[in-house]
Amino acid sequence: MKKWIPAILNFIIWGSGYVYNRQRFFLGIGLIISTILVHIPILYHHIVYYLEMPGLLIMISHIMISFLLAYDAYKEAEKLEKI
């Protein structure tokens, strides 16, 4: 198993790297569902909102959480590879 695949999956769609690793499966499913529910309003708002201050803070926090989840999935895949 490639270690970078779950990292990329978790960065793009939160939780999908956990499902790929077959570890923390229900956490992964929950994160996928919450990601979908959080991004539904984006379809209904104009992009201008995300260029204002609240939108920038949301975007920065989303990217930061994505990096942390990607790192966690990578480390988890590393542990699984050693087993």
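As a summary of the residue check, Gly15 satisfies the conditions (1) on the phi < 0 side of the Ramachandran plot; (2) modelled with pLDDT of 75 or more except for the one numbered (1).
Residues that are surrounded by fewer than 20 Cβ atoms within 10 Å (Cβ to Cβ) and either out of contact with any helix residue (DSSP H, G or I) (no Cβ under 9 Å at 6 or more places or on another chain) or among the β-branched types (Val, Ile, Thr) (or both) within segment 1-22 comprise Ile5, Ile8, Ile12, Ile13, listed in sequence order. So for segment 69-83 (the condition being surrounded by 12 or more Cβ atoms within 10 Å (Cβ to Cβ), at negative phi and at pLDDT below 80), does at least one residue qualify? Within segment 69-83 (the criterion being surrounded by 12 or more Cβ atoms within 10 Å (Cβ to Cβ), at negative phi and at pLDDT below 80), the answer is no, since none of the residues qualifies. If the condition is being over 16 Å from Leu68 (Cα atoms) and crowded, with 17+ Cβ neighbours inside 10 Å, then segment 23-43 contributes no residue at all.
The values are calculated or read from the model by the stated rules, or taken from the named source; none is laboratory data. What you see is a predicted model, and the numbers here were worked out from it, not measured in a lab. In this analysis, Cβ positions are derived from the backbone assuming ideal geometry, glycine residues included, and neighbour counts consider all displayed protein chains.
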